[in-house]
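Below: the structure, in structure tokens.
Please treat every number below as a calculation from the coordinates, not as lab data. Please read all numbers here as calculations on a predicted model, not as lab measurements. Cβ: placed from backbone, ideal geometry, glycine included. Neighbour counts: every protein chain shown.
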Amino acid sequence: MAKVQELAITAKKEENISEWYTQVIQKADLIEYTDVSGCIIFKPNSYQVWESIQQYFDKKIKKSGVRNAYFPMFIPEKLLNKEEDHIDGFSAEVAWVTHGGNSELKERLAIRPTSETTIANAYSKWVKSYKDLPMRLNQWCNIVRWEFKHPTPFLRNREFLWQEGHTLFETKEEAEKEVYEILDYYSQVGEDLLAIPITKGKKSVGEKFAGADFTTTIESFVAEDGKSIQAGTSHALGQNFAKAFGIEFLDKDQKKQAPFQNSWGISTRLIGAMIMIHSDNKGLVLPPKVSYNKAVIVPLLFKGKEGPVLEKAKQIQKDLEEFNVLIDDDKKMSPGFKFSKWEIQGMPIRIELGPRDIENGVVTVSRRDITEKEEIKFENLKSRIPEILEDMHNNLLSSAKAKVANSTIEVSSYDDFKQAIEDKKRCLVPWAESKESEDEIKEQTGAKTSCLPFEFENKSVENVKCFYSGEPATCWAYFCKSH
């Protein structure tokens, strides 16, 4: 009993989400802290999620014509300084290498905070003709951003994993088409793979990527603390980097032109969003599509009857091999402790099997997202498991969507806005977009734009006043606090 108590999540998500999150990521065996603040070990239970994201997204971009490559993690300072807006946006977060062994380097090397500069430099050597376009490369790598905020595993790591796509096109229309294509793929990663509700939109002028013409984003929202999580971004860089790095090509008329460039990325931040949105006071809830092991069999081992139960468990494991089913036959732990362990680790399905079940030709099945149990006949198990997994995914997504809807409110006055933010709401507001007003709102309330949502692009702002300034509104925006 003492072991179950030690294993349990003691903080409540709705009361102390920070402590709850810390306990979940540790007790679900997702991470190990290291001696460098903000740098964690991704243990197999969390890395499996990243592998699922990689496989899912990589398949989509390859089908679209993108190829993978790898670029160095060290970026000479002169390259990082070539695009002024870009370096201004990242300078506070750059980690620098100043020495090699005992010798001071002649030029500082940045450990990549992002790779626009080093890849643009390479493209300036590779692209000479319109026949070289489009150039569409992606890399899977690590990134270092020396955040000064309190590091939070997955959500704010100083070193994290991501993919970054960098592409060049002959025309603006081609480039912008890809921006939205990639954003749709990101939305599918969120909803179709992780069961996370996604809001697609454009970043405000103050929140767009440094050096971009505009930034599109997928945003998730944690109802319990009223904070959004930026889950992925797709940027239209225009010709800014191309001109700064001298990327030119001869068009069909043999005239020199600068190509239009994009960059786009998702990271292990998605794992943090998944944990925050789905998990509960019992521990991790793992969406079935990103769980390598979809089920665990817990044999109920009564003295003298262990043999037939274990034999049947192995037979079921073999029958369900496509779901990578585990058997927990640890004789030192009680069934209750095992149930708690797998519940905390988010195992989608638990299958209980005892001597009486064998006599009746059934197993008892529990799924992680609901409390009800289901008895299933042996012969129906193989066809029923995929149905349960699909239903679990749909339930996680619909439940999360309902939470977001219940936490979203439309407001038109600043007084109502301030109260709504205090009540942990996401606010849809008419806004006269400006960096200055957003900075003021953030300073006063802690809230900023999540995005200018695409779903309200056609919602008229004619004769509508800005909720903050009282000036004519120019757009509709979601404001809330953020992770």
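Counting charges near E248 (Lys, Arg +1; Asp, Glu -1) among other residues having Cβ under 13 Å from its Cβ returns a value of +2.
Residues of the stretch 117-144 with the amide nitrogen closer than 19 Å to a label point 7 Å from the Cα of Q254, along Cα-to-Cβ, please. Hits in the stretch 117-144 for Q254 at 19 Å: 128-132. Based on Cα contacts under 8 Å between residues 6+ apart, the stretch 295-384 shows a relative contact order of 31 percent. Other residues whose C-beta falls under 15 angstrom from the C-beta of D184 contribute a net charge of -1, scoring Lys and Arg +1 and Asp and Glu -1.
Overall size of the chain from C-alpha positions, given as principal axis extents largest first: 84, 54, 49 Å. Scaled to the globular estimate 2.2 N^0.38 Å, the Cα spread of the stretch 408-482, given as radius of gyration, is 0.97. Label positions at W146 and K106, each projected 7 Å from the Cα along the C-beta direction, are separated by 2.4 nm. Of A432, L168, N458, which is farthest along the charge dipole of the chain in the positive direction, counting Lys and Arg as +1 and Asp and Glu as -1 at C-beta? The residue sitting most towards the positive pole is L168. In terms of packing, defined here as the mean over residues of other Cβ atoms within 10 angstrom, the peptides 36-42, 251-257 line up highest first as 36-42, 251-257. By other beta-carbon atoms within 10 Å, ranking S413, S187, S46 with the fewest at the front produces S413, S187, S46. Cβ crowding within 10 Å, taken as a proxy for footprinting-reagent exposure, orders W140, W126 from fewest neighbours to most as W126, W140.
In a DSSP loop and with at most 15 other Cβ atoms within 10 Å, there are no chymotrypsin sites (Phe, Trp or Tyr not before Pro) in the stretch 179-233.
Close lysine pairs were tallied over the stretch 408-482: pairs 8 or more places apart or on different chains with Cα atoms under 19 Å apart number 17.
Annotation note: chymotrypsin sites (Phe, Trp or Tyr not before Pro) in the stretch 262-323 located in DSSP loop regions with a Cβ neighbour count of at most 13 within 10 Å are F302. The chymotrypsin sites (Phe, Trp or Tyr not before Pro) found in the stretch 355-422 include none that occupy coil by DSSP while having at most 13 further C-beta atoms within 10 Å.
Distance from a point 7 Å along Cα→Cβ of K282 to each backbone N in the stretch 371-415: keep the residues under 16 Å and list them by number. Within reach of a label on K282: 371-375, 389, 392-393, 395-396. How many angstrom lie between the Cα centre of the stretch 222-248 and the Cα centre of the stretch 182-204? Result: 14 Å between the Cα centres. Across the stretch 168-318, Cα-Cα pairs more than 19 Å apart make up 66 percent of the total. A simple spin-label model places the labels of A8 and E440 5.1 nm from each other, with each point 7 Å out along Cα-to-Cβ. Averaging over all projection directions, the Cα-based convex hull of the stretch 16-278 occupies 14.9 nm² in the image plane. Sorting the Cα pairs of the stretch 309-379 by distance into bins of 10 Å, from 0 upward, gives 18, 55, 27, 0 percent per bin. Mean projection of the Cα convex hull over all viewing directions, computed for the stretch 391-434: 4.0 nm².
Taking GluC sites (Glu not before Pro) in DSSP loop conformation with at most 12 other Cβ atoms inside 10 Å as exposed sites, the chain has its longest uninterrupted site-free stretch at 16-371. Within the shell defined by Cβ-Cβ distances under 10 Å, the residues around V36 carry a net charge of -1, with Lys and Arg each +1 and Asp and Glu each -1.
Where only DSSP H runs of four or more residues are counted, the chain gives -10500 deg cm²/dmol as its mean residue ellipticity at 222 nm, each run worth -39500 (n - 2.57).
Here the simple spin-label model places points 7 Å from the Cα toward Cβ, and for E375 and D330 these points are separated by 3.0 nm.
Note: relative contact order over the chain, using C-alpha pairs below 8 Å and six or more positions apart, is 15 percent.
Once the Cα atoms of helix 269-278 and of the chain are each reduced to a long axis, what angle between those two axes, in degrees from 0 to 90 to the nearest 10, is obtained? Approximately 50 degrees, to the nearest 10.
If you take the Cα centroid of the stretch 89-148 and the Cα centroid of the stretch 308-382, the two points sit 49 Å apart.
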